[in-house]
Amino acid sequence: MEKYVLALDQGTTSSRCIIFDKKGRICSTSQKEFTQIYPKSGWVEHDPLEIWSTQIEVVKEAIDKLGISIEQIDSIGIANQRETTICWDKNTGKPIYNAIVWQCRRTSDYITQIKDSGFDSVIKEKTGLIPDAYFSATKIKWILDNVEGAKEEAEKGNLLFGTVDTWLIWNLTRGKSHITDYTNASRTMLFNIKALNWDKEILDRLSIPINMLPSVKPSSTLFGYTDKDVLGKEIPITGVAGDQQAALFGQCGFNPGDVKNTYGTGSFILMNTGVDPIMSEHGLLTTIAANPEGDDVQYVLEGSVFVSGAAIQWLRDELQIIESSPESEELALAVEDTNGVYVVPAFTGIGAPYWDQYARGIIVGITRGVNKNHITRATLESIAYQSYDVIQAMKQDSGIEIRNLKVDGGASANNFLMQFQADILNTSIQRPLYIETTALGAAYLAGLATGYWKDKDDIRENWELSKIFKPSMDEQEREQLLKGWQKAIKRSFSWAE
Ligand code: ADP
């Protein structure tokens with residue numbers, strides 16, 4: 001009887017389930033979108049019950065589609081949207097407020113207070129994060145301060161906090177496990193990433209009772225068993241990681257210097273830096289990698305580009321110069337270069353390594369001959385330049401040379417973009433056959449703990465290359481183009497100040 005590993009991929013807009021076989025091949029998938037709730041400008045929420053119901057429905061659907069019995073599921077892995085915060089009643093299992101989503105800006109004022117008081121340096125040193133409303137800590141505080149009776153119930157020990165993984169495990173085990181993994185804990189801004197425990201000083205500062213918090217484990221170990229009433233059988237949940245760390249694991253980013261870039265709406269770049277956490281001097285985040293139990297804890301440097309694939313959507317939806325995202329490649333290849341044009345898609349400011357929230361988008365270098373092909377090409381190139389800037393910062397912070405870059409996400413399908421990225425970085429790029437690396441990473445973590453996969457080498461054998469992009473640009477041209485980009489991006493700074 002063939003066995004499979006089931007991965008839950010709980011994302012920001014949809015819940016997905018993918019079933020993998022031993023070769024890491026996708027055997028069945030199912031996906032359901034859920035409601036995005038915007039109660040006020042800048043606020044984003046999800047209904048935790050809808051997260052749970054869509055997730056369990058897709059699990060059942062994926063199993064049915066494949067036509068296997070529940071006995072054939074070896075184990076379950078979970079990859080999830082990170083930082084999103086849920087608080088629920090320990091006795092009834094009912095959420096006391098909607099999930100406050102990572103994108104939600106409602107707690108910006110708390111962050112300003114933290115920064116004004118100088119406590120930000122303590123937080124950075126202990127958690128590896130630059131204090132921001134993005135992380136869970138101030139979201140929990142907001143719930144305690146704003147939901148009636150929450151503070152009292154929390155102090156009495158009747159309230160539980162969890163990131164989305166914790167919430168799903170709690171429901172899958174019918175309240176038997178209140179647990180998370182290091183990668184998710186490291187995004188709460190409450191977890192000491194060196195001591196590997198919840199940090200008393202930060203908790204006290206934010207008045208968050210420690211008894212609300214889940215226990216924390218490595219990413220590949222036993223987190224609990226699904227309750228018999230949920231799927232008809234007790235199945236071990238043995239892999240858990242935040243989505244970006246799961247993707248790095250799914251890309252077999254096991255060694256220092258391994259880097260992956262996920263080109264989605266934004267780009268998320270993670271570099272494995274080994275067993276010592278490196279504190280960035282360029283505004284990158286230090287966070288924990290997905291590690292199996294028994295292995296030394298490894299760390300990553302993380303940087304993100306706010307607008308990457310979204311810039312292609314902008315060409316499609318606002319400028320309407322392409323009909324579909326893939327069409328951008330045709331237009332870019334119809335010209336030899338951008339004719340001197342640079343697009344800087346700083347629609348919402350610029351992140352690492354510049355950190356200018358008042359930067360805004362610009363198009364520079366326009367002359368009479370510039371047409372939509374040039375603009376499209378320059379927009380694609382901007383995705384590569386922005387990633388280049390983050391990767392340069394990683395190299396400088398870590399002193400580690402990057403051997404190659406592994407890519408995934410929707411826009412990694414664009415061959416022009418990938419070749420240009422390889423050229424600008426002067427580094428080879430490997431695109432795997434299966435770009436569902438987030439779910440795959442969760443599955444690998446789960447299957448490693450049960451022995452479904454023997455070890456990391458066993459997993460590495462599954463990694464199949466679809467295409468390699470080798471740098472082929474001459475050095476002079478590369479330097480020239482980068483110089484132009486650096487000039488262009490500076491023009492975008494402080495625009496909206
Ligand atoms: P997310 O998970 O953030 O929703 P996906 O990984 O599904 O993102 O990727 C979707 C993004 O990739 C969109 O912004 C889309 O414009 C972009 N995209 C998809 N295909 C291409 C392509 N062939 N060329 C350029 N961009 C693309």
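The values are calculated or read from the model by the stated rules, or taken from the named source; none is laboratory data. Fair warning: this is a prediction, and the values are worked out from it, not measured in the lab. Cβ sites come from the backbone with ideal geometry, for glycine too, and all protein chains shown count toward neighbours. SASA here: full protein model, heavy atoms, side chains in, ligands and nucleic acids out. Shrake-Rupley method; radii C 1.70, N 1.55, O 1.52, S 1.80 Å.
A few points about this structure:
- Members of the range 18-37 found to be open to solvent by less than 60 Å² (accessible area, probe 1.4 Å) and more than 16 Å from the ligand (Cβ to nearest atom), listed by number: I19, F20, D21, G24, C27, S28, S30, I37
- Selection of the range 151-191 for residues being of a type in the set (S, T, N, Q) and either under 20 Å from E234 (Cβ atoms) or not in a helix (DSSP H, G or I) (or both) yields N158, T163, T166, N171, T173, S177, T180, S186, T188.
- Flag for A247 being outside any strand (DSSP E or B), small (G, A, S) and under 25 Å from the mean Cα position of the chain (by Cα): yes
- Residue among S215, S207, S220 that alone is farther than 20 Å from G128 by Cβ and either touching a Ser or Thr at 6+ places or on another chain (Cβ under 7 Å) or surrounded by 21 or more Cβ atoms within 10 Å (Cβ to Cβ) (or both): S220
- Selection count where residues are among the basic types (K, R) and open to solvent by less than 30 Å² (accessible area, probe 1.4 Å), scope the range 144-170: 0
- Of everything listed in (1) open to solvent by 40 Å² or more (accessible area, probe 1.4 Å); (2) modelled with pLDDT of 90 or more; (3) part of a loop (DSSP other than H, G, I, E, B), the single unmet condition for G118 is (1).
- Considered as a group, the residues in the range 192-204 that are open to solvent by 20 Å² or more (accessible area, probe 1.4 Å) and in a helix (DSSP H, G or I) include one that is nearest to Y110 (Cα to Cα), and that residue is D204.
- Candidates are the residues of the range 259-281 that are β-branched (V, I, T) and touching a residue at least 40 places away in the same chain (Cβ under 8 Å); the one that is farthest from the ligand (Cβ to nearest atom) is I278.
- Test: residue in the range 386-394 that is assigned to a helix (DSSP H, G or I), at pLDDT 95 or above, within 15 Å of the ligand (Cβ to nearest atom) and under 24 Å from W355 (Cα atoms): yes
- Residue list for the range 38-59, filter: surrounded by fewer than 15 Cβ atoms within 10 Å (Cβ to Cβ) and either outside any helix (DSSP H, G or I) or under 20 Å from the mean Cα position of the chain (by Cα) (or both): Y38, P39, K40, S41, G42
- Complete set of residues in the range 397-417 that are within 16 Å of the ligand (Cβ to nearest atom) and part of a strand (DSSP E or B): K406, V407, D408
- Residue match in the range 65-75 (condition: assigned to a loop (DSSP other than H, G, I, E, B) and open to solvent by less than 40 Å² (accessible area, probe 1.4 Å)): yes
- Among the residues of the range 435-474, the ones that are open to solvent by less than 80 Å² (accessible area, probe 1.4 Å) and in a helix (DSSP H, G or I) come to 17 in all.
- Checking the stated criteria, I366 turns out to be surrounded by fewer than 24 Cβ atoms within 10 Å (Cβ to Cβ) and either over 30 Å from G250 (Cβ atoms) or among the acidic types (D, E) (or both).
- Any hit, the range 405-416, residues being surrounded by fewer than 17 Cβ atoms within 10 Å (Cβ to Cβ), hydrophobic (A, V, I, L, M, F, W, C) and in contact with a helix residue (DSSP H, G or I) (Cβ under 8 Å, 6 or more places away or on another chain): no
- The set of residues in the range 205-229 that are small (G, A, S), assigned to a loop (DSSP other than H, G, I, E, B) and under 15 Å from Q298 (Cα atoms) contains only S219.
- In the range 5-31, the residues that are touching a residue at least 40 places away in the same chain (Cβ under 8 Å) and within 12 Å of I73 (Cβ to Cβ) form Cβ pairs under 6 Å with partners that are of a type in the set (D, E, K, R) and assigned to a strand (DSSP E or B), at six or more places apart or across chains, as follows: V5/D74.
- Scanning the range 126-143 for residues that are open to solvent by 30 Å² or more (accessible area, probe 1.4 Å) and modelled with pLDDT of 95 or more yields K126, K141, W142.
- Residue match in the range 366-382 (condition: under 14 Å from F306 (Cα atoms) and of a type in the set (A, V, I, L, M, F, W, C)): no
- Test: residue in the range 364-376 that is among the small types (G, A, S), over 28 Å from the mean Cα position of the chain (by Cα) and either part of a loop (DSSP other than H, G, I, E, B) or within 12 Å of the ligand (Cβ to nearest atom) (or both): yes
- Pair list, Cβ < 7 Å and 6+ apart or interchain, from the range 300-327 residues that are closer than 17 Å to Y263 by Cα to residues that are surrounded by fewer than 18 Cβ atoms within 10 Å (Cβ to Cβ) and aromatic (F, W, Y): V307/F347
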